[in-house]
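Reviewing the structure listed below.
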Amino acid sequence: VMVDPFSSLAAVILASIASFIIAGTEQGMRKRVLENLIGRRVSEKTFNRLLEAKEPPSFSGASREVTVLTCRLFNHEEMQGKLKPTDLVKLSNLFLRSVSTFLTARGAYLDESGPELVRGYFGMLRPSKRHAEEACRAALELRARLRNLSQECETRWFQGLSYGVGISSGPMTIGVYGSDENYFLSAIGAETDYSRRLAHANSRYGSDLLIGPKTYQIIREKFELRPMEMFFDPESGLMTEIYQLLAANGGYSEGDIERRDLFWKGVIYLREKRY
């Protein structure tokens, strides 16, 4: 039996030398920065696009228009009284994993994810004129996925999901926040809280997808919508109208459109007190 350690040892040494050389290149250093700041908060496709871009991404601070999508789970307290702790953990992780994976696959930056709330930013990593449209199309597809997920949870644990999605657009300040030991890429702006409040408002109205007035102004020509309520905006101190996102243009039947228009007319009569 002949044992030849030299070829294996040479392969290890050459691989180590190559890795040191690549790590010292611009792309190698960019990869380390992206892994530290973004990690798994984006899809592999988005990560590779940032890695291979001609210009390196700037994380020193920027202001741009961003659309925030927040998905909230409402009935955690109810499920806590009905499910065993191990089952509740499994259900929560299934919700968290399903929503997070879907949003990153649609190009969102995953800013926050927990058992009751998942939040993603569209248009955050690079400027985009379609950030609001991309968020709304993702929300419509997410609606179908959440319905299927709710049916799966009902089959496995005899407990469905109660959820709501809120979408809001506006200027955000993007940068790296935190200390030397714990830092991350995120954004600051009123739209984050407004999106969270919109998501929660679904539990009051019995709806599932609500958008704010700024998002409505951007996407109203491309989607079927209906007014829901006058909503207080603490940032401006004014009552603003919010809307329910129904479908993309062309995805509604004539009967659905007629019902939508009658609902809109009913809201106008209600506000004019023409009961």
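Some observations on this one:
- Longest DSSP-loop-exposure-free segment, GluC sites (Glu not before Pro), the chain, at most 16 other Cβ within 10 Å: 1-115
- For the chain, the alpha-carbon radius of gyration amounts to 1.24 times the rule-of-thumb value 2.2 N^0.38 Å expected for a compact globular protein.
- DSSP beta bridges in the chain [antiparallel fraction, %, rounded to 5]: 95 percent
- Here residue 82 is the anchor, and the lysines within straight C-alpha reach of less than 20 Å, apart from those fewer than 8 places off in the same chain, are 90.
- Links that overshoot a 22 Å alpha carbon limit, given the list 222/273; 45/214; 214/273; 54/129; 129/265: 222/273; 45/214; 214/273; 129/265
- Filtered trypsin sites (Lys or Arg not before Pro), the range 31-116: DSSP coil and at most 14 other beta carbons within 10 Å: 40, 54
- Taking all protein chains into account, the per residue accessible area for the chain stands at 58 Å² (1.4 Å probe).
- Spread over its residues, the convex hull of the C-alpha atoms of the range 213-275 is 81 Å³ per residue.
- Shown for the chain: the carbon plus sulfur share of the solvent-accessible area, taken with all protein chains present and a 1.4 angstrom probe, equals 54%.
- Calculated on the alpha-carbon coordinates, the convex hull of the range 138-198 measures out at 129 cubic angstrom per residue.
- Modelled FRET efficiency - R0 22 Å, residue 90 with residue 148, Cβ distances, 0.05 increments: 0.80
- Subtracting the Cα-Cα distance of residue 141 and residue 75 from 0.36 nm times their residue separation leaves 21.6 nm of extension gain.
- Relative contact order of the chain, pairs being alpha-carbon contacts under 8 Å that are 6 or more residues apart, as %: 18 percent
- Using 0.36 nm per residue and subtracting the Cα-Cα separation, the extra length available between residue 59 and residue 268 on full extension is 70.6 nm.
The values are calculated or read from the model by the stated rules, or taken from the named source; none is laboratory data. The structure presented is a predicted model; accordingly, all values stated were derived computationally and were not measured. Every residue, glycine as well, gets a Cβ built from its backbone with ideal geometry; the counts of neighbours run over all protein chains shown. Accessible surface areas use protein heavy atoms only, side chains included; no ligands, DNA or RNA. Shrake-Rupley method; radii C 1.70, N 1.55, O 1.52, S 1.80 Å.
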